[in-house]
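Each remark here refers to the structure printed beneath this line.
Readers should treat all values here as calculations from the given coordinates under stated rules, not as data from a laboratory. Since this is a predicted model, take the numbers as computed values, not measurements. Using ideal geometry, Cβ is built from the backbone for each residue, glycine included, and neighbour counts are taken over all protein chains shown.
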Number of protein chains: 2
Amino acid sequence: MREVLVVGSLAYDSVKTPSGKAEKSLGGSANYFSLAASLFAPVRVVGVVGEDYQPQDKEILLNRKVCLDGLQTVPGKTFHWEGTYEHNLNEAVTLKTELNVFAHFNPKLPNHYQDSSYVFLANIDPTLQLEVLSQVKKPLFVGMDSMNFWINSKQDELLKVFKKVDIVFMNEAEAKMLTQTDNGVRAIKNVSELGPKYVVVKKGEYGATIYSKAHGFYQVPALPVENVVDPTGAGDSFAGGFFGTLASRTSSSEVPSWTDLKQAALAGTVLSSQTIQDFSMKALVKVDKPAFDSHLHQLKGMIN
Amino acid sequence: MREVLVVGSLAYDSVKTPSGKAEKSLGGSANYFSLAASLFAPVRVVGVVGEDYQPQDKEILLNRKVCLDGLQTVPGKTFHWEGTYEHNLNEAVTLKTELNVFAHFNPKLPNHYQDSSYVFLANIDPTLQLEVLSQVKKPLFVGMDSMNFWINSKQDELLKVFKKVDIVFMNEAEAKMLTQTDNGVRAIKNVSELGPKYVVVKKGEYGATIYSKAHGFYQVPALPVENVVDPTGAGDSFAGGFFGTLASRTSSSEVPSWTDLKQAALAGTVLSSQTIQDFSMKALVKVDKPAFDSHLHQLKGMIN
């Protein structure tokens, strides 16, 4: 059992989907990731919030024993994302990204974070991703996520991060956009040429694919969800379940195996399928170990 | 080992895709189906062609010991379909459907066809599907396919066929259109409410899902194909591999089990992934048993 360090956003999101809308509700990549990962392993958060961040929103993570020693609270407003999903629930349309306190965030890792083995650079400014990674002494396994916002605005920085990580998580549309191909198979292979040993492409209702040059493809379907309420946070929940599972399966200096990665992808799939069934983190927060085990059993039944 | 009866089109297709185009090249649902199914089991064809149908195009099936006793050759022109695929390779846009000799086709099963156990009603006029089925004495397991053309023009007839078959194959877009939902999970469940015990929804590059009320979902990913040349016939190749495999796995009066269906879906996936790598039947005709086994091994590696 190892600990997982995550840097990412803690946010208030305004989201509109065909099922309705949620105004300024709890979100952010680090929040979804930590809640999912903490089912399996200890989690340490690096991030920043404004003075408007509500104490009960911190409690959600503290109740899961997530360490918030690396969470700064500074004057100003918490990060705010506003987006909408239309018929294609696999792809968010960003209406507004207000960096707020993230605009001048200077991440400084607490001493006891610096020996972290598993590091996840969730979807934030790639410059911040690099700053955090440089403060971890000997990371064993590093992952990252990103999104179209950074692909468009900071692609050079982003590609620097790609070269420093073991695994990259991307939505399929973003992988195609970044590597300029219409073909999903070429997209995932092209992303792997940019540096990472492993690439996970997330395809929403069509599941996820892991690829590595050494091992080829592994495919996980999504769990069937008849009523997708809000896809926000699905990718971060996936990555959280994935990294939490990796950390729980390995010990000492052992690097995750291909089998570990496959199990991790199943766990990620279970958690993302729960997140999307309600707005904000309302569905994910209800998932406990027995519920997780039961959904995992269902997922395995669909592929065995 | 049982025999498989198929009724469907033998056609000359004109197809345009991002990779190029093929004019009046061999196609038709019964052709793709038979070529795929004949890798595993004896196949009997019911259909009609015009005087323009080339002898060497019959040879392709005869070389695989497919029985063409139920294939009529009549005055007039062979069925012609013209279509195009644009960025979304999962969905054909039909430009022209010339029924030609199919317009007055009156299927009459040879006596020795009437005891067929496995019957596949490929994508043709639902009235013809019903006429053929009524001539089979005691079918053990009946499948059907259809497409938007018949959903739009003959939906009442089509729904009559749904009530008489064990398994329906549909593209995801067509299943959603027929059942008027945007959600793929609801679509497959809704189709199963229309009569069939099993439903297979084909999702192109995202694989296929089998659903039954009794057994739930089974999910097969597609094999990775980096260069999709022409998706025409993918669904019929899938169904052919599927039904051929079912027929090869069962004996006497044994109805296929859920496990048989899962194996069948893997075989169908392998064959459809080959068909799409060239125009017309050029790629599918090259698939022999050793090539099939090797691709099946690759597919199993992606899900185990």
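Summary table below
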{"quantity": "Nitroxide proxy distance, nm - points 7 Å out along Cα→Cβ at A:VAL255 and B:LEU99", "calculated": "6.4 nm"}
{"quantity": "Separation of alpha-carbon centers, segment A:278-299 and segment B:262-279, rounded to whole Å", "calculated": "34 Å"}
{"quantity": "Packing-based exposure ordering (other Cβ within 10 Å, fewest first) of B:GLU226, B:GLU98", "calculated": "B:GLU226, B:GLU98"}
{"quantity": "Additional length obtainable on full extension of the chain from A:GLU86 to A:GLU51, 0.36 nm per residue less Cα span", "calculated": "9.3 nm"}
{"quantity": "Neighbourhood net charge (12 Å Cβ-Cβ; Lys/Arg +1, Asp/Glu -1) for A:VAL285", "calculated": "-1"}
{"quantity": "Cα-based Rg of the protein assembly as shown normalised by 2.2 N^0.38 Å, two decimals", "calculated": "1.05"}
{"quantity": "Antiparallel %, DSSP beta bridges [both residues in chain A], to 5", "calculated": "40 percent"}
{"quantity": "Antiparallel content of DSSP bridges confined to segment B:164-304, in %, to 5", "calculated": "65 percent"}
{"quantity": "Within segment A:31-71, trypsin sites (Lys or Arg not before Pro) in DSSP loop having at most 14 other beta-carbon neighbours inside 10 Å", "calculated": "A:LYS65"}
{"quantity": "Estimated dipole of the protein assembly as shown in Debye, rounded to 20 [Cβ of Lys and Arg +1, of Asp and Glu -1, Cα centre]", "calculated": "1180 debye"}
{"quantity": "At 7 Å out from Cα toward Cβ: B:LYS108 inter-copy label distances (nm, ascending)", "calculated": "9.4"}
{"quantity": "Mean separation of Cα contacts under 8 Å, 6 or more apart, over the residue count of segment A:167-304: relative contact order %", "calculated": "20 percent"}
{"quantity": "Segment B:190-290: equivalent-ellipsoid semi-axes (sqrt of 5 x gyration tensor eigenvalues, Cα, Å)", "calculated": "24, 17, 11"}
{"quantity": "Listed peptides A:199-205, B:116-122, A:144-150, B:20-26 by packing density, highest first (mean Cβ within 10 Å)", "calculated": "B:116-122, A:199-205, A:144-150, B:20-26"}
{"quantity": "FRET efficiency, A:HIS112 to B:GLU226 (Cβ-Cβ, R0 41 Å, nearest 0.05)", "calculated": "0.35"}
{"quantity": "Over segment B:4-301 - Rg/Rh using Cα atoms and the Kirkwood inverse-distance radius", "calculated": "0.92"}
{"quantity": "Inter-label distance, nm, simple model (7 Å from Cα along the C-beta direction), B:ASP69/B:GLN180", "calculated": "4.7 nm"}
{"quantity": "Length gained when the stretch B:LYS286-B:LYS213 is fully extended (0.36 nm per residue, less Cα-Cα span)", "calculated": "22.6 nm"}
{"quantity": "Within chain A, helix-based [θ] at 222 nm, where runs of 4 or more DSSP H residues each add -39,500 (n - 2.57), nearest 500", "calculated": "-10000 deg cm²/dmol"}
{"quantity": "Neighbourhood charge, 15 Å Cβ-Cβ cut-off, centred on A:LEU194 and excluding it, Lys, Arg +1 and Asp, Glu -1", "calculated": "+3"}
{"quantity": "Whole-number percent relative contact order across chain A, with pairs defined as alpha carbons under 8 Å at least 6 apart", "calculated": "19 percent"}
